[in-house]
1. Please get the size of the charge dipole for the chain, origin at its Cα centre, with Cβ charges of +1 on Lys and Arg and -1 on Asp and Glu, quoted in debye to the nearest 20.
2. Given the DSSP H assignment, sum -39500 (n - 2.57) over each helix run of at least 4 residues in the chain and divide by its residue total; what's the result at 222 nm in deg cm²/dmol, nearest 500?
3. By how many degrees, between 0 and 90 and to the nearest 10, does the Cα long axis of helix 69-78 differ from the longest principal axis of the chain?
4. When all C-alpha to C-alpha distances in the chain are sorted into bins of 10 Å, what percent of pairs does each bin hold, rounded to whole numbers?
5. Cα axis of helix 41-51 to longest principal axis of the chain: angle in degrees, 0 to 90, nearest 10?
6. With a 1.4 Å probe and all protein chains left in place, how much accessible area per residue does segment 2-103 have, in Å²?
Amino acid sequence: VVVFMKGSPAQPLCGFSNAVVQILRLHGVEDYRAHDVLQDPDLRQGIKNYSNWPTIPQVYLNGEFVGGCDILLQMHQNGDLVEELKKLGIRSALLDAEKDKEKK
């Protein structure tokens, strides 16, 4: 999992970057690479050109561009993110949360 964002996971510098960090955190994804595009204007423009996507943040799973905050939020809401993480060998923490609910 790689995220090109404004700021860092510990200190996101825009609401959309923060939303991506929070979605990943909800799923228990803590070990991912994050690149602060505000530190490097060439990287900021280059990643937009590479993905043909005009906005930041940008999320990549297994080297493939997934989308920005809106796409990740949609994947989170419809369950696709759980499946995509599973393909990477990452078990979503939300699955464990659902099991805990069922036990109660």
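The values are calculated or read from the model by the stated rules, or taken from the named source; none is laboratory data. The structure displayed is predicted, hence computed values, not measured ones. No Cβ is skipped: glycine too gets one built from the backbone with ideal geometry, and neighbour counts run over all protein chains shown. Remember, those area values only see protein heavy atoms, side chains included, never the ligands or the DNA or RNA. Shrake-Rupley method; radii C 1.70, N 1.55, O 1.52, S 1.80 Å.
1. Values: 12 positive and 14 negative charges, 36 e Å.
Rounded to the nearest 20 debye, it is 180 debye.
2. Computed mean residue ellipticity for the chain: -15000 deg cm²/dmol.
3. Result, in degrees: 10.
4. Taking every Cα pair in the chain, the percentages come to 15, 48, 27, 7, 2, 0.
5. With both axes taken from Cα atoms, the answer is about 60 degrees.
6. Accessible area per residue: 61 Å².
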